[in-house]
1. For the chain, with every protein chain kept in place, what is the accessible area per residue (1.4 Å probe, Å²)?
2. Straight-line reach from LYS14: which aspartates and glutamates have Cα under 20 Å away, leaving out those fewer than 8 places along the same chain?
3. With only Lys, Arg, Asp and Glu charged, each at its Cβ (+1 for the first two, -1 for the last two), find how big the charge dipole of the chain is about the Cα centre; round to the nearest 20 debye.
4. Per-residue HN-Hα couplings for region 50-56, Karplus 6.51 cos²θ - 1.76 cosθ + 1.60 at θ = phi - 60°, whole Hz, x for Gly and Pro?
5. Please calculate the 1.4 Å probe accessible area of LYS25, with all protein chains present, and give it to the nearest 10 Å².
6. Which whole-angstrom value gives the distance between the alpha carbon centres of region 10-43 and region 45-62?
7. How big is the chain by the Kirkwood estimate over distinct Cα pairs, in Å?
8. Counting only protein heavy atoms, what percent of the accessible surface of the chain is carbon or sulfur at a 1.4 Å probe?
Amino acid sequence: MAQENTGAIKGTIKDQTGAAIAGAKVTASSPALVRSLDATSDKEGSYRFPKLPVGVYTVTVTQTGFK
């Protein structure tokens with residue numbers, strides 16, 4: 001049997017009231033990557049980074065009007 005050596009990061013971006021935030025820029029960075037990867041949250045606030053190399057990641061979110 002083959003072993004998998006990749007994984008994924010997924011999540012949902014919400015504000016303090018629990019409302020989904022669409023259009024937020026989500027960045028995943030890691031020493032395991034050549035460069036950072038970007039995604040944009042959908043209308044439900046969901047994002048996904050598929051097929052990432054194994055490693056430790058930092059995920060940051062930015063959206064106009066939010067700190």
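1. Computed with neighbouring chains in place, this is 76 Å² per residue.
2. Straight-line reach from LYS14, under 20 Å: ASP38, ASP42, GLU44.
3. Dipole of the chain, to the nearest 20 debye: 100 debye.
4. For region 50-56, the Karplus curve yields x, 6, 8, x, 4, x, 9 Hz.
5. Estimated to the nearest 10 Å², LYS25 gives 100 Å².
6. Measuring centre to centre over Cα atoms gives 7 Å.
7. 12.9
8. Answer for the chain is 52 percent, counting heavy atoms of protein chains only.
The values are calculated or read from the model by the stated rules, or taken from the named source; none is laboratory data. If you're wondering where the values come from, they're calculated on a predicted model, not measured in any experiment. Heads up, the Cβs are rebuilt from the backbone with ideal geometry, glycines too, and the neighbour counts pull from every protein chain shown. We work out accessible area using only protein heavy atoms, side chains counted, and drop any ligands, DNA or RNA first. Shrake-Rupley method; radii C 1.70, N 1.55, O 1.52, S 1.80 Å.
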